[in-house]
Amino acid sequence: EDPTLNGALYGMVDEEGEPHPICIWTDLADDIIGMIPRMARLVDKSEALLGEPCYHWHSKLTVKPPRCRARVDWHQDFASWYDDGVLFPHMLTAAIALEPVTRANGCMQFIPGSHRMGRINHRARDREFDSFCARLERAKERLGVIDCELDVGDAVFFDCNLFHGSGTNETDTARPLLFPSYNAVSNAPVPGAQ
């Protein structure tokens, strides 16, 4: 119901063509949604994890409506951010629960330690897709998969190269998550590198 987001949600689809609402923005308004990514608790923790000053890269809100069949397919954020002209994976995201996040409503899943694999090409051509799938399956076998259940207001920070995704929402309530992402100041996009 926030006027900043009203009408801005659009349907992102998974590999099966199932949509779920998402909204992405870079400018921070002077409302509650714009204030959250500016909170000292988020910025200070992001800078501590990155080891240097950072700035707001973008934020997004994802909503899995009740009984939503959409998944968020396994991916690394840096795989697409790299195409925005940043040179290094000195970036991270905080996922903040706006409602309880459980396995039943499609909590995020992580492959712990997968950020050490570096950036993996994601599904550009058939051969790359096969290579991506093989690496992803090996990473799951070797490193495992963890479910990230959160209570309202909980946040989890994760590296831009960490493989993550989420399952379907099997419940009768929506599952909204807010994702402010941060980039190290020294890692600003290089002009002409997009």
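The values are calculated or read from the model by the stated rules, or taken from the named source; none is laboratory data. Just so we're clear, the structure is a prediction, and the values are computed from it rather than from any experiment. Cβ placement follows ideal geometry from the backbone for every residue including glycine, while neighbour counts extend to all protein chains displayed. Side chains are part of the model used for accessible areas, which takes the heavy atoms of the whole protein and leaves out ligands, DNA and RNA. Shrake-Rupley method; radii C 1.70, N 1.55, O 1.52, S 1.80 Å.
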- Task: Take residue 60 and decide whether it is part of a strand (DSSP E or B), in contact (Cβ under 8 Å) with a residue 12 or more places away in the chain and open to solvent by 30 Å² or more (accessible area, probe 1.4 Å).
- Result: yes
- Which residue pairs have Cβ atoms closer than 7 Å, lie 6 or more positions apart in sequence or on different chains, and pair a first residue in segment 143-164 that is touching a residue at least 24 places away in the same chain (Cβ under 8 Å) and buried (at least 16 other Cβ atoms within 10 Å of the Cβ) with a second residue that is part of a loop (DSSP other than H, G, I, E, B) and small (Gly, Ala, Ser)? 143/113; 161/118
- Message: residue 180 - would you say it is within 20 Å of residue 76 (Cβ to Cβ) and in contact with a Pro (Cβ under 6 Å, 6 or more places away or on another chain)?
- Response: yes
- Kindly list the number of the only condition in (1) at positive phi; (2) at pLDDT below 90 that fails for residue 67. (2)
- Please work out which residue is nearest to residue 167 (Cα to Cα), limiting yourself to segment 68-99 and to residues that are surrounded by fewer than 21 Cβ atoms within 10 Å (Cβ to Cβ) and touching a Leu at 6+ places or on another chain (Cβ under 7 Å). 98
